[in-house]
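Note sheet for the following structure.
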Amino acid sequence: MRPFNLIAACSENRVIGRDGRLPWRIAEDRDFFMQKTAGQVVVMGRICYEAWSSAGEDGRRPVVVTSHAFPPPIRVAGSLTAALELAAGLPGEIFICGGQRIFEEAIAMPGAARLYLTVVHAVVSGDRTFPEWTDIFTREVARRESSGDGARYTFLTLER
């Protein structure tokens, strides 16, 4: 299995979503995510894909984990393992983009090599969370503090 990355933003209490959406709007985080995944393979669940209508733009190659059918060029796989096998045959880095169940499965796999995580310095309510990562991604490669759109946040790059 090819190594892959996880990319996410979560609050201090690990919330990543509420009612099918991000619980914040932070332009700098969105720009970081879009720049990092442009031209790459993005693996996500169906709900995440349906919420991100531009997943196939900027040269991204989406792979959706679902039992539903989508028209080409969207690639579909019935499991995360099958999605990663499919993604391994495509050019570019592989990024796991969500949602909660996909993150939970991916973070436990040995191929999860790097985590790009934006930690929003707030405690927010939500119905989707990011799994505990601190015992898995123990090596900090980069850190950058920032603020904007009424929030403070930290961009972290972590490795196993």
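Out of the strands (runs of 3 or more DSSP E) lying entirely within the range 1-98, which hold 2 or more residues that are closer than 20 Å to Ala122 by Cα and among the polar types (S, T, N, Q)? Walk me through how you get there before you give the answer.
Details: elements: 4-11, 15-17, 41-45, 61-65, 75-77, 94-98.
Passing ranges: none, list empty.
Each row is one residue, and each column tells you yes or no for (1) surrounded by 13 or more Cβ atoms within 10 Å (Cβ to Cβ); (2) under 20 Å from Val141 (Cα atoms); (3) out of contact with any strand residue (DSSP E or B) (no Cβ under 8 Å at 6 or more places or on another chain); (4) at pLDDT 95 or above.
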| residue | (1), (2), (3), (4) |
| --- | --- |
| Asp19 | no, no, yes, no |
| Arg30 | yes, no, yes, yes |
| Phe33 | yes, yes, no, yes |
| Cys48 | yes, no, no, no |
| Ala55 | yes, no, no, no |
| Thr81 | yes, no, yes, yes |
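The residues listed here are Ala113, Ala122, Ala142; of these, the one that is in a strand (DSSP E or B), over 24 Å from Leu80 (Cα atoms) and in contact with a strand residue (DSSP E or B) (Cβ under 7 Å, 6 or more places away or on another chain) is Ala142.
Here Arg46 fulfils each of the conditions (1) over 16 Å from the mean Cα position of the chain (by Cα); (2) more than 17 Å from Pro91 (Cα to Cα) apart from (1). Residues that are buried (at least 20 other Cβ atoms within 10 Å of the Cβ) and of a type in the set (D, E, K, R) within the range 102-132 comprise just one, Arg128. Evaluating Gly99 against the criteria (1) over 14 Å from Val42 (Cα atoms); (2) buried (at least 19 other Cβ atoms within 10 Å of the Cβ) leaves one unmet condition, (1). Scoring Asp135 on the criteria (1) under 21 Å from Glu159 (Cα atoms); (2) free of Cβ contacts under 8 Å to residues at least 60 places away in the same chain; (3) in contact with a strand residue (DSSP E or B) (Cβ under 9 Å, 6 or more places away or on another chain) leaves a single failure, condition (3). Against the condition aliphatic (A, V, I, L, M), farther than 28 Å from Thr66 by Cα and modelled with pLDDT of 95 or more, how does Ala142 come out, does it pass? Here the answer is yes, as Ala142 does meet what is asked. With respect to the conditions (1) without any contact (Cβ under 8 Å) to a residue 60 or more places away in the chain; (2) in contact with a helix residue (DSSP H, G or I) (Cβ under 8 Å, 6 or more places away or on another chain), Gly148 lacks only one, and its number is (1).
The values are calculated or read from the model by the stated rules, or taken from the named source; none is laboratory data. In this text the structure is predicted, and so the values were computed from the model without any measurement. Glycine gets a Cβ as well: all are built from the backbone with ideal geometry, and neighbour counts include every protein chain shown.
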